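Have a look at the structure below, then the notes.
The values are calculated or read from the model by the stated rules, or taken from the named source; none is laboratory data. All values derive from a computational prediction rather than experimental measurement. All Cβ positions, even for glycine, are placed from backbone atoms using ideal geometry, and neighbour counts span all protein chains on display.
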Amino acid sequence: MLIKKGDRAYFIFEDGEHKINAPRGAAMIHDPSGRAWGKCSLLFMGFRHGGRNVTPDEYDGAPREYLGREYERRARVATIELPPRGLAGWETLGRIKQIYYNRIGTKAPGRFQHPFGERSAQMLFRKGALPTLYRGYRSMRLELHGGCIVDDRGIVWP
């Protein structure tokens with residue numbers, strides 16, 4: 001299941017001087033299962049909100065853990081036409097040093113940022129590679145590379 005985890009994202013490139021915004025109105029979408037979209041790939045794209053309310057079964061698990069219990073009554077099921085998963089039609093924009101985004105939900109809403117390629121207290125002995133940002137199909141995707149950790153805390157590693 002795809003989860004809208006945030007919006008209003010922007011990225012700082014490896015050089016630390018250049019930045020780029022996600023497409024206007026784009027949601028930060030993640031698939032923790034990796035079935036519909038790679039679990040180490042964040043997709044930034046717009047879609048039509050609406051649809052029907054989620055059922056308790058659909059909301060149970062990863063959506064509830066990330067968005068919070070109180071958010072369930074506002075959560076909706078939407079139909080999204082995903083771009084191709086293969087990188088053939090995507091333009092490489094570069095390596096990303098840091099991401100800023102607005103986290104949605106009731107568990108921990110607000111502005112967040114995550115630096116990439118730095119050791120943290122949680123990942124003391126691992127220094128991750130910088131993720132790669134791509135553009136195409138009126139969207140962007142951030143490839144975090146294998147071994148990433150994206151969970152109810154947000155982007156944890158790299």
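Applying the condition of being basic (Lys, Arg) and under 20 Å from ARG141 (Cα atoms) to the range 64-111 and asking which residue is surrounded by the fewest Cβ atoms within 10 Å (Cβ to Cβ) yields ARG111. Per the listing TYR59, TYR71, the residue uniquely at pLDDT below 95, in contact with a helix residue (DSSP H, G or I) (Cβ under 6 Å, 6 or more places away or on another chain) and more than 16 Å from ILE155 (Cα to Cα) is TYR59. The set of residues from the range 40-57 being surrounded by 15 or more Cβ atoms within 10 Å (Cβ to Cβ) and within 26 Å of LEU142 (Cα to Cα) comprises CYS40, SER41, LEU42, LEU43, PHE44, MET45, GLY46, PHE47.
Taken over the range 14-53, the criterion of being free of Cβ contacts under 8 Å to residues at least 40 places away in the same chain and outside any loop (DSSP other than H, G, I, E, B) is satisfied by LYS19, ASN21, ALA27, ARG52, ASN53. Looking across ARG135, ARG141, one residue alone is at pLDDT 85 or above, closer than 17 Å to LYS39 by Cβ and of a type outside the set (Ser, Thr, Tyr). It is ARG141. Annotation: of all residues in the range 1-25 being under 14 Å from the mean Cα position of the chain (by Cα) and aromatic (Phe, Trp, Tyr), the one that is farthest from LYS97 (Cα to Cα) is TYR10.
Can GLY46 be described as out of contact with any helix residue (DSSP H, G or I) (no Cβ under 7 Å at 6 or more places or on another chain) and on the phi > 0 side of the Ramachandran plot? So GLY46 does not fit the description; no. Among the numbered conditions (1) polar (S, T, N, Q); (2) closer than 19 Å to VAL156 by Cα; (3) assigned to a loop (DSSP other than H, G, I, E, B), the only one that THR79 does not meet is (2).
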